[in-house]
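Participant: This is the structure, below, for whatever I ask next.
Values in this text are rule-based calculations from the coordinates and carry no lab data. Computed from a prediction, not measured in an experiment: that's the story for all the values here. Here the Cβ is made from the backbone with ideal geometry for all residues, glycine too, and neighbour counts use every protein chain on show.
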Amino acid sequence: MSSGPIIEIRGLRKIYRVGKVEVPALRGVDLDVDRGEFVAIVGPSGSGKSTLFHIIGGLTPPTSGSVRVADQDLAALTDGGRTNLRKRNVGFVFQKFNLLPNLTARDNIAVARYIAGTGTQPDPQFEEVLRLLKIDDRLDHKPSALSGGEQQRIAIARAIVNHPAILLADEPTGNLDTENSKAVLEILRDLNERLAQTILMITHNPEAAAYGHHTVHMRDGRIIERT
Amino acid sequence: MIAKLVVENIKHKPMRSLLSILLIGVPVTLILTLVGLSHGMLDDAERRARGSGADIMLRGSNATAILSSSSATLPEKFLDFLARQPHVKAAMGVITHAIELPLVVNGVDLAQFDKMNGGLQYLAGGPFQGPDDVIIDRYYAQQKKKRVGDTIEIMNRPWRVSGIVDGGQLAHILAPLKTLQELDAATGKITFAYLKLDDPANTQAVIDDLKKQLGDSYPIWSMEDFASQLRESVNRQGLDEFIGVIIGIGVVIGFAVVCLSMYMSVLQRTREIGILKSLGGSKILILRIVWMEALLLGLGGTALGILMSYGARLAIETLRPASFQVEIVYIWWPLAAAITLAGASLGAVYPGLSAASHDAIEALAYE
């Protein structure tokens, strides 16, 4: 394993084609994220934050430029290669939680392990994480029986159950009230501090961004500032 | 884990799942009932023929097809010739008259019949008391709701029920030979001659001897040959092709129902497909989920179809116990399952491929 940045992006461009119209979403992004860093990405809508996330998470390929994530060159990966990257190296947390509604919280976590090919039972140490997330007594409920805060904590548990190299959180507090937002942000900070989990978090909220070690500001498909 | 996800998906939309299972089950019931009907009716015909007590049967020279309803062509006096043959213990002439298909009235001389099978086993009543009497079996009695002494309309004329016998004794309806010959303008003629031998072991020798004397113009069968000839004849008349058509319809319905159901399901679960993809779910995994759900619906449809075939049998045998006999043909259960699963698998292909090719980002944004 390399000792360099876990995410290394150079000259990243992404152009979406809508019919015959080309829409540039990223116009040359350079970004390094070290292992164990907690980086917040802020910017107005349409600034390219989500596209950057989708590329780092292997959900879509870059149009040009170089993107290395956990020592893998994403530009060289096939669709199957990007699928494998998502299985083991990347965990997603979404604004809308995105839990499978027909499964219990426990099974939502188990399905991530099943897909990664690591069995369905989490390792014993994961019990501690569940306690940290305060969901250890809510695992047998389906998402519809859980509060927004609980659903998001289940989503976080699902995202980290396979010990991914990177946790990508896209507006993780966007659908939560102030109290639950604070709880989720503290959990993310705890995961970062206790488990040295690398975290990239998109947010519109400056208070949420303050939980990160660094904040990356984006506008019009470019990084305009890193603080 | 995938099985759990599939089962939960099916449980999540119970009405859609139940309707799909019902629609898949209908052709399964059709196939099983049709096969059960063909087996049941052939077995019934065979049982009744064996119940005559005869070892050999013979038809007129111009009636080669075993199932033909051609008129009586054998002279009744021919029975005397047959009765004189070595090893022949008794000879009986029967005239047949088709009524409401597939039912046939058999005209018999009860004295001859008694020598063949030792006498009819009556459940109620007894032999003919007059020329306009009939003896019916319990199935026909149940079908027509008749008892001994009741009048029954057959061949556009009234008959008195003189006796009710158990099933499997030559025919569902027996009438006096002379009466039926007069009604058919075939006085002195019979359709079949039945022969009882001193020892069934002599059957082939007697048949060979008769063929030597009569040539090939008279179809002669042992009762064993009759059963196999009956099945061959039925198959020749296109039963296998008919069952094939019904199977084809079953596959098409199974395919269409599963395709529609799974396509709707995939549309409804677009976001969930996006979630699975974000977790690293491959196209094969998504395809497997859709396929397994289709197979489970197919299995459910097969089970329901089997269950409904019992219901169909009960309905048919309650309404028309003499006309139609339905058997439960267990060997067709796995065949029906295979046919249904083939249809379901085909039906899952398009929705499965559609789901597998969903763009993860678009799927996650789906509301």
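Participant: Give the Cα extents of segment B:27-151 along the principal axes, in whole Å, largest first.
Facilitator: That works out to 54, 38, 25 Å along the principal axes.
Participant: Using amide H atoms built in the peptide plane, which far-off residues or other-chain residues are under 5 Å from residue A:201 H to H?
Facilitator: Answer set, sorted by chain and number: A:39, A:40, A:41, A:169.
Participant: May I pose another question? To test your reading of the geometry: what angle, between 0 and 90 degrees and rounded to tens, separates the Cα axis of helix A:79-88 from the longest principal axis of chain A?
Facilitator: 40
Participant: Right, next: Rg to Rh ratio, segment B:61-218, alpha-carbon atoms and Kirkwood radius? Intermediate results must be reported in sequence, preceding the final value.
Facilitator: On the way: Rg = 16.2 Å, Rh = 16.4 Å.
The Rg/Rh ratio comes out at 0.98.
Participant: Next question, about the same structure. Report the residue, chosen from A:155, A:112, A:76, that carries the largest GNM mean-square fluctuation when chain A is represented by alpha-carbon nodes joined by springs under 10 Å.
Facilitator: Of A:155, A:112, A:76, the most mobile in the Gaussian network model is A:76.
Participant: Continuing with this model, one more query. Please state the equivalent ellipsoid semi-axes for segment A:8-156: what are the square roots of 5 times the Cα gyration tensor eigenvalues, largest first, in whole Å?
Facilitator: Details: eigenvalues 202, 61, 47 Å².
Semi-axis lengths for segment A:8-156 are 32, 18, 15 Å.
Participant: Is there a quick way to get the dipole size of chain B? I mean about its Cα centre, with the Cβ of Lys and Arg at +1 and of Asp and Glu at -1; what is the value in debye to the nearest 20? Each step should come with its number before you reach the end.
Facilitator: On the way: 33 positive and 35 negative charges, 177 e Å.
It comes to approximately 840 debye.
Participant: Okay, next question. Summarise the partner chain shielding of B:3-10 as one whole number: the mean count of Cβ atoms from other chains within 10 Å of each residue's Cβ. Numbers along the way, then the final one.
Facilitator: On the way: counts 0, 8, 7, 1, 1, 7, 4, 1.
So the per-residue partner count for this stretch is 4.
Participant: Working from Cα positions, state the angle (0 to 90°, nearest 10) between the long axis of helix A:105-116 and the longest principal axis of chain A.
Facilitator: 50
Participant: For segment B:247-307, rounded, prolate or oblate, judged on the Cα gyration tensor with a ≥ b ≥ c (square roots of eigenvalues), a/c < 1.5 rounded, else prolate if a/b > b/c?
Facilitator: On the way: a/c = 2.79, a/b = 2.34, b/c = 1.19.
Prolate, because a/c is 1.5 or more and a/b exceeds b/c.
Participant: On a 0 to 90 degree scale, rounded to 10, what angle separates helix A:178-195 from the longest Cα axis of chain A?
Facilitator: Between helix and principal axis, roughly 80 degrees.
Participant: Projecting each Cα onto the charge dipole of the protein assembly as shown (Lys/Arg +1, Asp/Glu -1 at the beta carbon, about the Cα centre), which of A:192, B:331, B:248 comes out farthest on the positive side?
Facilitator: A:192
Participant: Are there chymotrypsin sites (Phe, Trp or Tyr not before Pro) in segment B:280-343 that DSSP puts in a loop and that have at most 14 other Cβ atoms within 10 Å, and which ones? Kindly include the intermediate steps, with their values, before the conclusion.
Facilitator: On the way: sites: B:291, B:310, B:324, B:330, B:332; in loops: B:324, B:330.
Within segment B:280-343, the qualifying chymotrypsin sites (Phe, Trp or Tyr not before Pro) (loop, at most 14 other Cβ atoms within 10 Å) are B:330.
Participant: Taking chain B as a Gaussian network, where each spring joins two C-alpha atoms under 10 Å apart, which residue of B:106, B:156, B:202 fluctuates the most?
Facilitator: B:156
Participant: How much mean residue ellipticity at 222 nm does the protein assembly as shown get from its helices, if each DSSP H run of length 4 or more adds -39500 (n - 2.57) and you divide by all residues, to the nearest 500 deg cm²/dmol?
Facilitator: Values: 20 runs with 281 residues, N = 594.
Estimated from H runs of four or more residues: -15500 deg cm²/dmol.
Participant: Need one number: convex hull volume per residue for chain B, Cα atoms only, in Å³. Don't skip to the end; give the middle numbers.
Facilitator: Values: hull volume 60.2 nm³, N = 367.
Hull volume normalised by residue count: 164 Å³.
Participant: In debye, nearest 20, what is the charge dipole magnitude of segment B:145-239 about its Cα centre with +1 on Lys and Arg Cβ and -1 on Asp and Glu Cβ, if you could check?
Facilitator: Details: 12 positive and 13 negative charges, 110 e Å.
Value, rounded to 20: 520 debye.
Participant: Another question about this same structure. Of the options B:352, B:39, B:121, report the single residue whose Cα projects farthest towards the positive end of the charge dipole of the protein assembly as shown (beta-carbon charges: Lys, Arg +1; Asp, Glu -1).
Facilitator: B:352
Participant: Quantify how much of the Cα-Cα distance distribution of the protein assembly as shown extends past 40 Å, in percent.
Facilitator: On the way: 91380 of 176121 pairs.
Percentage above 40 Å: 52.
Participant: Distance check, please: which entries in A:49/B:277; A:87/A:134; A:14/A:142 exceed 28 angstrom between their Cα atoms?
Facilitator: Working: A:49/B:277 20 Å; A:87/A:134 25 Å; A:14/A:142 37 Å.
Going by Cα-Cα distance, A:14/A:142 fall outside the 28 Å limit.
Participant: Further question: Among DSSP beta bridges lying fully in the protein assembly as shown, give the percent that are antiparallel, nearest 5. Please list the in-between numbers first.
Facilitator: On the way: 49 of 75 bridges.
In the protein assembly as shown, approximately 65 percent of DSSP beta bridges are antiparallel ones.
Participant: Which of the helices in chain B meet the span-like rule: DSSP H, Cα axial reach of 30 Å or more, Kyte-Doolittle mean at least 1.0? Please list the in-between numbers first.
Facilitator: Values: long enough: B:14-50 (51 Å, 0.75); B:239-268 (43 Å, 1.93); B:283-319 (52 Å, 1.34); B:332-356 (34 Å, 1.14).
Helices passing the filter in chain B: B:239-268, B:283-319, B:332-356.
Participant: Let me ask something additional. Let me confirm the definition first: pairs of Lys residues in segment B:61-218, 8 or more apart or on different chains, C-alpha distance under 29 Å. How many are there?
Facilitator: Lysine pairs satisfying the spacing and distance rule in segment B:61-218 number 29.
Participant: Name the residues whose placed amide hydrogens come within less than 5 Å of the amide hydrogen of residue A:63, ignoring near sequence neighbours (fewer than 5 apart) on the same chain.
Facilitator: Amide H to amide H, under 5 Å and 5 or more residues apart or across chains, residue A:63 pairs with A:13, A:14, A:15.
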